[in-house]
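The values are calculated or read from the model by the stated rules, or taken from the named source; none is laboratory data. Everything quoted here is computed from the prediction, not taken from an experiment. As a convention, Cβ positions derive from the backbone with ideal geometry for all residues, glycine included, and neighbour counts pool all protein chains shown. These area figures cover heavy atoms from the full protein model, side chains too; ligands, DNA and RNA do not enter into them. Shrake-Rupley method; radii C 1.70, N 1.55, O 1.52, S 1.80 Å.
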Amino acid sequence: MILNLIFLFIALLVTGGVYLLAPTVSILWGPLIFVGAFVGIIIVFLLGLETVALLFLSKRKKVETPKKGCAYMIWLVMYWVMSLLRVKVTIKGLDNLPNEPCVLVSNHRSDFDPMTVLAVVKNKRIAFISKEANFKIPIVGNFIHHAGFLAIDRGNGMRALRTIKQAAEMLKAGKLDVMGIYPEGTRSKTGELLRFKAGAFLLAKRADAPIAVMVTRNTERVFRNFPLRSTHVEMEILEIIPRETVAEATHEELCARSRELIEAALEGEKSE
């Protein structure tokens with residue numbers, strides 16, 4: 001919303017400037033000039049981000065400590081994108097997140113899942129373990145890399161374990177408050193829960209961290225609804241599995257418990 005207001009104000013100034021410099025321009029061109037100015041400002045903004053990414057944010061450099069500036073920019077842009085797409089996000093139980101580093105696990109319904117989380121969680125240092133392809137996206141890849149996001153190679157077990165180890169070290173060192181990971185490994189195209197993989201729960205055990213189990217609803221409707229309708233995305237923290245329980249339980253037991261909680265929440269959604 002903040003960026004939208006700034007862009008709209010600048011577009012209004014540009015439109016007024018056009019009529020000031022060229023008073024013979026028909027008033028009928030006003031809306032087109034305004035829209036063109038708005039789009040042009042967005043393009044300039046994105047090019048500016050890309051310039052910063054290329055000049056100062058190298059993806060080759062290993063990130064020891066996530067950069068707060070990159071995290072803030074990610075939050076700002078995600079909040080802006082959600083407002084452009086007319087997405088309203090509500091998250092229940094956010095105050096239940098522990099005051100110690102934790103692992104966030106959730107069902108995976110669309111590419112908008114982490115974006116919606118990032119748009120509403122701004123008082124926590126949060127990052128995600130994500131597929132390698134996301135780090136190759138222009139602008140996005142450099143910023144998420146320096147914000148502490150980690151790429152995981154789902155086809156190479158050894159490399160995936162190295163990513164889990166690095167994430168655990170970041171949490172244990174207190175460099176992040178929340179590391180998010182989707183244990184299904186990929187988004188479900190039907191909404192039905194896929195089989196959970198062990199990585200998220202191995203991470204929690206290695207990091208000696210509690211697990212926040214969350215359910216996500218409606219993110220798959222964002223593209224379907226835009227631009228004619230808005231979308232209400234709902235997320236809910238279902239349970240915090242304490243650090244002591246994480247230490248005592250096997251990763252298989254933690255996996256089963258988390259999946260049961262999310263599956264029960266989704267069954268409740270179907271019955272509504």
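Points worth noting:
- Criterion violated by Asp153 - all others in (1) touching a residue at least 40 places away in the same chain (Cβ under 8 Å); (2) touching a Lys or Arg at 6+ places or on another chain (Cβ under 6 Å); (3) not small (Gly, Ala, Ser) satisfied: (1)
- The residues listed here are Ile211, Ile241; of these, the one that is surrounded by 19 or more Cβ atoms within 10 Å (Cβ to Cβ) and without any contact (Cβ under 8 Å) to a residue 40 or more places away in the chain is Ile241.
- Residue within region 225-236 that is under 27 Å from Asp153 (Cβ atoms), surrounded by fewer than 15 Cβ atoms within 10 Å (Cβ to Cβ) and out of contact with any Ser or Thr (no Cβ under 9 Å at 6 or more places or on another chain) present: no
- Within region 149-173, restricting attention to residues that are within 20 Å of Pro183 (Cβ to Cβ) and part of a loop (DSSP other than H, G, I, E, B), the residue that is least open to solvent (accessible area, probe 1.4 Å) is Phe149.
- Hits in region 3-39 (condition: open to solvent by less than 90 Å² (accessible area, probe 1.4 Å), hydrophobic (A, V, I, L, M, F, W, C) and closer than 20 Å to Arg86 by Cβ): Leu3, Ile6, Phe7, Leu8, Ala11, Phe34, Val35, Phe38, Val39
- Residue list for region 246-258, restricted to those being open to solvent by less than 80 Å² (accessible area, probe 1.4 Å) and either out of contact with any Asp or Glu (no Cβ under 9 Å at 6 or more places or on another chain) or in a strand (DSSP E or B) (or both): Ala249, Thr250, His251, Leu254, Cys255, Ala256
- Criterion: under 30 Å from Pro138 (Cα atoms) and small (Gly, Ala, Ser) - qualifying residue of Gly36, Gly16: Gly36
- Complete set of residues in region 116-148 that are touching a helix residue (DSSP H, G or I) at 6+ places or on another chain (Cβ under 8 Å), in a loop (DSSP other than H, G, I, E, B) and closer than 25 Å to Arg217 by Cα: Val121, Lys122, Arg125
- Residue match in region 91-106 (condition: surrounded by fewer than 14 Cβ atoms within 10 Å (Cβ to Cβ) and either among the basic types (Lys, Arg) or farther than 30 Å from Glu234 by Cβ (or both)): yes
- Pairing residues of region 55-73 that are in contact (Cβ under 8 Å) with a residue 12 or more places away in the chain with residues that are open to solvent by 50 Å² or more (accessible area, probe 1.4 Å), at Cβ distances under 7 Å and at least 6 apart in sequence or on separate chains, gives Thr65/Lys175; Pro66/Arg125; Pro66/Lys175; Ala71/Arg125.
- Scanning region 59-74 for residues that are within 30 Å of Arg224 (Cα to Cα) and open to solvent by 30 Å² or more (accessible area, probe 1.4 Å) yields Ala71, Tyr72, Met73.
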